[in-house]
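Here the structure is laid out as structure tokens; the discussion comes afterwards.
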Amino acid sequence: MKGQRTNKKIDKSRIAFIIAFLALPTINLCIFYFGVNFNSILMAFQRTVPGRETVWGFYNFKRLFTEGFTGPVPVIMESLRNTVIFFSFGFFFVNPLTLVMAYFFYKKIRGYKFYRFMFYLPCIIPATVLSTLFRYIIAPDSSGVIANLMYEWFGKEMPNLLQDSRYALKTLLAYGFWTGFGSNLILLSSAMNRIPQEVIESAQLDGITLRKEITHMIIPLIWPTISTILLLAVMSIFTSTGAILLFTQGKYGTYTIAYWLFEQVKEGANMEYASAVGLFFTLAGFPLVFITRWLSNKVEDIEY
């Protein structure tokens, strides 16, 4: 009997501990995720009229199509264009190059340790330090590294890349390229290192080339990791943005959807309109995610 009572007390204490442990994150999830998102959905259909109560309707969505996309200053269209540019640059250029670099490290080609250190370095350095270093490199005055080289070699002065609409977006893409390899490179390298060496050695004995090895063996064997990376990238398509906050604050034609929404929330203006814009692009992203998932499932996973 004493043993049963002791077990009941232990079970009750365990249950109490689990409840206490999960209570805070559950409350946090309900308030700051479900509550905030549900409230933002309601705000998308609201309109504050001075001297009147809140008006419900689709005014914010009409404003999106008449002002944001086709108005005299179509900031949403500009933001969408830049968002697609940032996403396409990462999806179609940085990700494939990351795969190649991971394969380069996997094969342990000469110099791979140095390059691995250089590509991993931006992951461990704070963004503020990296942005300061990048500003120093591209500074248009005599303190800039590239500016000095241009003047010494070509006798030309360097424009201010971050304050010129012709170069600002391209400069942010270059910064994203410099700092965009880290996490995916680690994931892909880890996936490649789990491949049984016997499988690779067997293919090498059959005379497989490096190109066929990566396309016919490496990619199919690590496809679950690749598909996950691609799916996560598509899920964040409308949050794709460069280091706009650190460099341009949306000026010089560098607005993206994510930064525009951030700026509206920061200023506390047009919250209803911003909620409608966010809801619209969230719904627009659902089909892309499902299509990407459907296409990735078409490739059969290889167990090893």
Open item on the list: Yes or no: segment 109-125 includes at least one residue that is of a type in the set (Lys, Arg), in contact (Cβ under 8 Å) with a residue 12 or more places away in the chain and outside any helix (DSSP H, G or I).
Closed with: no
Open item on the list: What's the total number of residues in segment 237-258 that are of a type in the set (Ser, Thr, Tyr), surrounded by fewer than 21 Cβ atoms within 10 Å (Cβ to Cβ) and modelled with pLDDT under 85?
Closed with: 1
Open item on the list: I'm told Ile31 meets every condition in (1) at pLDDT below 80; (2) assigned to a helix (DSSP H, G or I); (3) open to solvent by 70 Å² or more (accessible area, probe 1.4 Å) except one. Can you identify the failing condition by its number?
Closed with: (1)
Open item on the list: Just to verify a result, which residue in segment 70-92, among those that are out of contact with any Leu (no Cβ under 9 Å at 6 or more places or on another chain), among the aliphatic types (A, V, I, L, M) and within 16 Å of Tyr252 (Cβ to Cβ), is least open to solvent (accessible area, probe 1.4 Å)?
Closed with: Val75
Task: Considering residues of segment 93-120 that are open to solvent by less than 50 Å² (accessible area, probe 1.4 Å) and of a type in the set (A, V, I, L, M) only, the residue nearest to Arg194 (Cα to Cα) - done: Ala102
- [ ] Give me a count of the residues in segment 115-133 that are at pLDDT 80 or above and farther than 19 Å from Val94 by Cα.
- [x] 4
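Residues are listed down the side, and each one gets a yes or a no for (1) of a type in the set (A, V, I, L, M, F, W, C); (2) assigned to a helix (DSSP H, G or I); (3) surrounded by fewer than 16 Cβ atoms within 10 Å (Cβ to Cβ); (4) modelled with pLDDT of 85 or more:
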| site | (1), (2), (3), (4) |
| --- | --- |
| Tyr151 | no, yes, yes, no |
| Lys156 | no, no, yes, no |
| Pro159 | no, no, yes, no |
| Ser165 | no, no, yes, yes |
| Thr171 | no, yes, no, yes |
| Tyr175 | no, yes, no, yes |
| Leu187 | yes, yes, no, yes |
| Ser190 | no, yes, yes, yes |
| Ile200 | yes, yes, no, no |
Task: Subset of segment 257-304 [closer than 22 Å to Ile229 by Cα and part of a loop (DSSP other than H, G, I, E, B)] - done: Lys298, Val299, Glu300, Asp301, Ile302, Glu303, Tyr304
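The values are calculated or read from the model by the stated rules, or taken from the named source; none is laboratory data. This structure is a prediction, so every number in the text was calculated from the model and none was measured. Backbone-built Cβ (ideal geometry, glycine too); neighbour counts: all protein chains shown. For accessibility, only protein heavy atoms count, side chains too; no ligands or nucleic acids. Shrake-Rupley method; radii C 1.70, N 1.55, O 1.52, S 1.80 Å.
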